[in-house]
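The values are calculated or read from the model by the stated rules, or taken from the named source; none is laboratory data. Remember, it's a predicted structure, so these values are computed and weren't measured experimentally. Note that each Cβ is placed from the backbone with ideal geometry, even for glycine, and that neighbours are counted across all protein chains shown. When the accessible area is computed, the model is the full protein with side chains, heavy atoms only, and any ligands, DNA or RNA have been set aside. Shrake-Rupley method; radii C 1.70, N 1.55, O 1.52, S 1.80 Å.
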Amino acid sequence: MSSPCGPQHAPAGDVGAALLMIDSRLRSIYEGTSESEDRAEQRELMEHFTSSMGPRSVHDLLDGACTLIYMYMTWLRQAHEEHDKDVIEYVVPPLVASMRVMTRSIRPEAIPTMAGLVIAAGTGLSPSLWRQQYGEWTEAEMTPLEATCFLLAEHINRIAEDQEFATRLITDALTRAEEEL
């Protein structure tokens, strides 16, 4: 039975912009950029980026981030199934634990929503459509959404033992999709 939250019903959004943000964050962590340098650079990049966005672009970026979560969880589900493991069991608890220690960036009340997005994606549903059931995105969910994408990408990179694997995974999928058009 098809769900109204199935990925075939969801807009992909601006996956490229969402990936750019996550890749930038990953690179700064891997390169060991200091926290203050990273914050200043990220703040400047985000201010420049968001000042050029209209309301539709913001929604496209949010949908793009949800598409990243869906694609990352699809890859993780396949990787875990190869070893007869449940992706929810092995991905969600460490993700929640990581977010719980990020007290300056993530408010505790945002964590269940982010876990729900990941579980929705892990069960084959669109995170974007799943979230839409509960109303509009809030300002307090923006950083946790970015952190969720980042943490999933970093988890994939650790599994693959390749710091660029998660980014390549998405760029390769985008390239294949473009070639099919």
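Backbone phi angles across segment 155-160, fed through the Karplus curve with coefficients 6.51, -1.76 and 1.60 (θ = phi - 60°), yield HN-Hα couplings of 4, 4, 4, 5, 4, 7 Hz in residue order; Gly and Pro are listed as x.
Candidates Thr148, Gly122, Gln132 compared by Cα position along the dipole of the chain: farthest toward the positive end lies Gln132, with charges placed on Cβ.
Here the 3J(HN,Hα) profile of segment 134-150, calculated from phi with Karplus coefficients 6.51, -1.76 and 1.60 at θ = phi - 60°, is 9, x, 6, 4, 10, 4, 5, 9, 5, 5, x, 5, 4, 5, 4, 4, 4 Hz, Gly and Pro shown as x. Sorting Phe165, Phe150 by accessible area puts them as Phe165, Phe150; the probe is 1.4 Å, largest comes first, and only protein heavy atoms count. Whole-Hz Karplus values for segment 116-131 come out as x, 4, 5, 5, 4, 5, x, 9, x, 9, 6, x, 5, 6, 4, 5 Hz, taken residue by residue from phi with 6.51 cos²θ - 1.76 cosθ + 1.60 and θ = phi - 60°; glycine and proline positions read x. Once the Kirkwood radius over Cα pairs is known for the chain, the Stokes-Einstein relation at 37 °C and 0.692 mPa s delivers a diffusion coefficient of 196 µm²/s.
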